[in-house]
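Report on one structure; see the data block that follows.
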Amino acid sequence: MSVSGLPPYDPANIFARILRGEIPCKRVHEDEWALAFHDINPLTPTHVLVIPKGEWVSAADFHAGATAEAIAGFWRAVAAVAKALGLEAPGYRILSNMGGDGGQEVPHFHVHVFGGRPLGRMVRAGG
Ligand code: 5GP
């Protein structure tokens, strides 16, 4: 069991397979700590996923278990991706779904980077 109450890390999850190069992705950034690639089903004009290279199920899992260096490296990569995509000046949104109520589908910690248009309110009532 991971710290978030989710099942233990499954190395067969889709993002693990992308990290291992078994499944292609449209890569936008890669460094020692993170890989970033376009979401296969973009919800906004720019919709990129940033994933750490370690085996972490969720945000809770990652922040409880990763080294400070890995956590800093990951979040620096998120900021670098947004900047490289030209989102810094107009603005953007970062979001991470966690667990059942959070709507997390892929059990490898990831951050969504949304941008390319005004994004409106953060969460709408009822959905
Ligand atoms: P979650 O709900 O777990 O936060 O979001 C998972 C995201 O991964 C979804 O936005 C979904 O479109 C994206 N996704 C699922 N499978 C693939 C894939 O094989 N390749 C890419 N690039 N994105 C994927």
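The values are calculated or read from the model by the stated rules, or taken from the named source; none is laboratory data. Given the structure is predicted, the values throughout are model-derived calculations rather than measurements. Backbone-built Cβ (ideal geometry, glycine too); neighbour counts: all protein chains shown. Ligands, DNA and RNA are excluded from the accessible area calculation, which covers all protein heavy atoms including side chains. Shrake-Rupley method; radii C 1.70, N 1.55, O 1.52, S 1.80 Å.
Odds and ends about this structure:
- Screening the candidates 46, 67 for the property of being surrounded by 15 or more Cβ atoms within 10 Å (Cβ to Cβ) and hydroxyl-bearing (Ser, Thr, Tyr) yields one hit, 46.
- Filtering the stretch 44-55 to residues that are more than 19 Å from residue 117 (Cα to Cα) and more than 13 Å from the ligand (Cβ to nearest atom) leaves 52, 53, 54, 55.
- Within the stretch 6-33, being open to solvent by 50 Å² or more (accessible area, probe 1.4 Å) and in contact with a Ser or Thr (Cβ under 9 Å, 6 or more places away or on another chain) holds for one residue alone: 8.
- Taking residues in the stretch 33-47 that are among the acidic types (Asp, Glu), and partners anywhere that are within 8 Å of the ligand (Cβ to nearest atom) and open to solvent by less than 60 Å² (accessible area, probe 1.4 Å), the pairs with Cβ atoms closer than 8 Å and at least 6 places apart or on different chains are 39/47; 39/49; 39/112.
- Restricting the first member to the stretch 12-28 and to residues that are without any contact (Cβ under 8 Å) to a residue 60 or more places away in the chain and more than 16 Å from residue 81 (Cβ to Cβ), and the second to residues that are assigned to a loop (DSSP other than H, G, I, E, B) and within 8 Å of the ligand (Cβ to nearest atom), the beta-carbon pairs closer than 9 Å and six or more apart or on different chains are 17/23.
- Note on the stretch 6-43: residues that are more than 22 Å from residue 65 (Cβ to Cβ), in a loop (DSSP other than H, G, I, E, B) and within 11 Å of the ligand (Cβ to nearest atom) total 10.
- Those residues of the stretch 64-101 which are within 28 Å of residue 11 (Cβ to Cβ) and within 16 Å of the ligand (Cβ to nearest atom), in sequence order: 74, 78, 81, 94, 95, 96, 97, 98, 99, 100, 101
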